[in-house]
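Here is the structure we will look at, set down as structure tokens.
The values are calculated or read from the model by the stated rules, or taken from the named source; none is laboratory data. Quantities reported herein were computed from a predicted structural model and do not represent experimental measurements. Methodologically, a virtual Cβ is constructed for each residue, glycine included, from the backbone with ideal geometry; neighbour enumeration extends over all protein chains shown. Surface accessibility is based on the protein's heavy atoms, side chains included, excluding ligands, DNA and RNA. Shrake-Rupley method; radii C 1.70, N 1.55, O 1.52, S 1.80 Å.
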Amino acid sequence: SIGPETIERCREIIEKAEAIFVNGLSGFLEEPKTTKPYIKLLQSITSTNAYSIVGGGESVAAVFLHNLENRISYCSTGGGASLY
């Protein structure tokens, strides 16, 4: 898991980005407390105008579990395939 300082550093980068690609969940969906930093990053992404892509089944599941799907530009359950 990542800490508050890393989240803040990532937010600074996210705010400047024109496009953002996320692949891979940080934490375990079965343990919600482990995904809190990941969700904070997703929320940062959804607060920008950047084109955003989330790839990977668990990553997309986290997006939907937190009702962020309408603010992500594109979701793909294909993790490795979306990288390609």
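What separates the Cα centres of the stretch 31-59 and the stretch 1-16 is a distance of 12 Å.
Of all DSSP-defined beta bridges confined to the chain, some 10% are antiparallel rather than parallel. Dipole size of the chain about its Cα centre, with +1 on Lys/Arg Cβ and -1 on Asp/Glu Cβ: approximately 100 debye, rounded to the nearest 20. Once the Cβ-Cβ distance between ALA17 and ASN67 is put in as r, and R0 is 25 Å, what FRET efficiency do you end up with, to the nearest 0.05? Here the calculated transfer efficiency is 0.65.
Here is the P(r) of the chain: all C-alpha pair distances, binned every 5 Å from 0, give 3, 16, 28, 26, 21, 6, 0 in whole percents.
Computed in the context of the full set of protein chains, the accessible area of the chain at 1.4 Å probe radius has 52% of its extent on carbon or sulfur.
With loop membership from DSSP and a limit of 14 other Cβ atoms within 10 Å, the longest segment of the chain without GluC sites (Glu not before Pro) is 31-84. The string of couplings for the stretch 68-84 from the Karplus curve (6.51, -1.76, 1.60, θ = phi - 60°) is 9, 4, 7, 10, 9, 5, 8, 10, 10, 6, x, x, x, 5, 6, 5, 5 Hz, one whole number per residue in order, with x for Gly and Pro.
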